[in-house]
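As structure tokens, the structure follows; a few thoughts come after it.
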Protein chains: 2
Amino acid sequence: MQVMPYHHGNLREALIAAATQLAAEHGPDAVVLREAARRVGVSHNAAYRHFADRDALLRAVSARAMTEFGQLMATRIAGSATGHDKDAAAARFEASGRAYVEFATTHPGLFRMACAWSLGDVAPDAAVNHPYAQLSERLDELVSTGVITPARRQNAEIAAWSAVHGFAMLVLDGPLSVVPPDERERGLAEVLRVVREGI
Amino acid sequence: MQVMPYHHGNLREALIAAATQLAAEHGPDAVVLREAARRVGVSHNAAYRHFADRDALLRAVSARAMTEFGQLMATRIAGSATGHDKDAAAARFEASGRAYVEFATTHPGLFRMACAWSLGDVAPDAAVNHPYAQLSERLDELVSTGVITPARRQNAEIAAWSAVHGFAMLVLDGPLSVVPPDERERGLAEVLRVVREGI
DNA sequence: CGAGGAAGTTACCTGTGTCAACATGCAAGT
DNA sequence: ACTTGCATGTTGACACAGGTAACTTCCTCG
């Protein structure tokens, strides 16, 4: 007969894991302190020993989601092209954009957590490879390989990020959520083309 | 001494107005049935005679917000250019994009309500001039005046909408919420340029 | 004029976040 | 070894939200 020890041992991590699970299942609103505690098998108020309030837990989950997000993006970029020429740089750039949308569609709950900016400053996980940083690297590559001019570098993050993030939003629960996949793909391709040619 | 009549007379409208006020003040999450009823001076359960549940009220507010959104956009478009030439069409197109961001920044709560797509199908107000329809008209103009080719017309809504919507999101509570206005303006200008030249 | 239904009200339920007071057990200091 | 202290969990309570059920008021229409 296994009896639970009074002290959990690593409750903070367990709560973050449970809350991340909740977020992955049904989005940020589904992250409820009491349910996370329940799943960990601990009294609801135990959470307050590790998080000032619900928002603090949400911030931790957001950091976790951001880390997963960055991992997927890094994987997709690495899997796209390895050269140092124009084509490879362009391919990696496109891969980063596609990874953004892929994460949003395959992990909608976590994506929304990662983008829950209204939570305020989120202390990033130590191992995070931030998507924004990866985008910046892609853009630097585009400049260094001569795909785009240095003059265009300045606001390129904003333009690329806006377009891809907006598309992800439209797909998530927006108007594009009800269009067939092939049409959605054409939309994404067009968004990426506009960014790459306009940038 | 003015005594409240037992029957309000137009409770549905009054509740929508109060709820819209709440949304305008602090966003969708601040739209709480009981508070709306309180402001109207009616018992909280009276709302259920007019709305099946909270979401139904939110849908009504969303429709209201969308109407306001469309009005601003129409105003800005009308105020930008009136001709039928390329330049005028392009100016109106840009004005529609700027109006999108203007509404998002000046009415963040209502903007979020208008974009609360997860609410499901929202019955539009009768008088609504839907932003999406106005965008389509702008794009049709760009084609008919020869600014863009008909071949590019197909997915142009998606590209334009994605870019501008994404930018609005980044500005609302995203990373761009903390950058100075002039830098924000340069970002917006770049987004609009990329769309116009890439499309 | 009086029956019936629409519109509001009161009472109550569950569930959530949060605070306060109490219980437990590990670890350090004598 | 014993005790004392503090981090960690627990129980209990409160306020407030959405939602259901049963009751009341009052307008409308035959």
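The values are calculated or read from the model by the stated rules, or taken from the named source; none is laboratory data. Note that the structure is a prediction, hence the values are computed from the model and not measured. FYI the Cβ positions are ideal-geometry reconstructions off the backbone, even for glycines, and counts take in every protein chain you see. What goes into the accessible areas is simple: the full protein's heavy atoms, side chains included, and nothing from ligands, DNA or RNA. Shrake-Rupley method; radii C 1.70, N 1.55, O 1.52, S 1.80 Å.
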Anyone know which of B:Leu142, B:Leu170, B:Leu57 comes out most mobile in the 10 Å Cα GNM of chain B? B:Leu170
37 °C / 0.692 mPa s Stokes-Einstein diffusion coefficient of the protein assembly as shown, Kirkwood radius on C-alpha pairs, µm²/s: 143 µm²/s
Given the stretch B:83-199, report the % of alpha carbon pairs whose separation exceeds 24 Å. 30 percent
If I fit a long axis through the Cα atoms of helix B:181-198 and take the longest principal axis of the Cα atoms of chain B, what angle between them do I get, 0 to 90°, rounded to 10? 60 degrees
Probe radius 1.4 Å, ligands and nucleic acids left out: can you give me the accessible area buried at the A-B interface, summed over both chains, in Å² to the nearest hundred? 2500 Å²
Counting only other residues whose beta carbon sits under 15 Å from that of B:Val122, what net charge do I get with K and R as +1, D and E as -1? -2
Checking buried surface per residue: for the stretch A:158-176, which residues lose a minimum of 20 Å² accessible area in the protein assembly relative to the chain alone (1.4 Å probe)? A:Ile158, A:Ala159, A:Trp161, A:Ser162, A:Ala163, A:His165, A:Gly166, A:Met169, A:Leu170, A:Asp173, A:Pro175, A:Leu176
Could you please report the charge total around B:Arg59, scoring K, R as +1 and D, E as -1 over all other residues with beta-carbon less than 12 angstrom from its beta-carbon? -2
Return one number: the angle in degrees, 0 to 90 and rounded to the nearest 10, between the long axis of the Cα atoms of helix B:86-106 and the longest principal axis of the Cα atoms of chain B. 30 degrees
Roughly how many Å² of B:Lys86 are accessible to a 1.4 Å probe, to the nearest 10? 110 Å²
Expressed as an acute angle from 0 to 90° and rounded to the nearest 10, what is the orientation of the C-alpha long axis of helix B:156-172 relative to the principal long axis of chain B? 60 degrees
Taking B:Ala123 in one copy and the same position in all the others, each labelled 7 Å out along Cα→Cβ, what are the pairwise distances from the first, in nm, shortest first? 5.0
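Out of the total accessible area of the stretch B:1-73 (probe 1.4 Å, heavy atoms of protein only), what percent is carbon and sulfur?
Working: 2210 of 4290 Å².
Result for the stretch B:1-73: 51 percent of the exposed heavy-atom area is carbon or sulfur.
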Please report the relative contact order for chain B, taking Cα pairs under 8 Å with a sequence separation of at least 6, and give it as a percent rounded to a whole number. 21 percent
How far is A:Pro175 from itself in the other copies, in nm, if each label sits 7 Å out from Cα along the Cα-Cβ line, shortest first? 2.7
Per residue, accessible area of the stretch B:91-133 with a 1.4 Å probe, heavy atoms of protein chains only, in Å², comes to 43 Å²
With a ≥ b ≥ c taken as the square roots of the eigenvalues of the C-alpha gyration tensor of the stretch A:141-199, please select rounded if a/c is under 1.5 and otherwise prolate if a/b is larger than b/c or oblate if it is not? prolate
Helix-only mean residue ellipticity at 222 nm for the protein assembly as shown, each DSSP H run of n ≥ 4 adding -39500 (n - 2.57), per residue, nearest 500: -21000 deg cm²/dmol
Neighbourhood charge, 13 Å Cβ-Cβ cut-off, centred on A:Arg193 and excluding it, Lys, Arg +1 and Asp, Glu -1: -1
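Divide the volume of the convex hull of the Cα atoms of the stretch A:1-125 by its number of residues and quote the answer in cubic angstrom per residue.
Enclosed volume per residue, from the Cα hull, is 133 Å³.
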What gaps in nm, shortest first, separate A:Arg38 from its twins in the other copies when you place the label 7 Å past Cα toward the beta carbon? 2.7
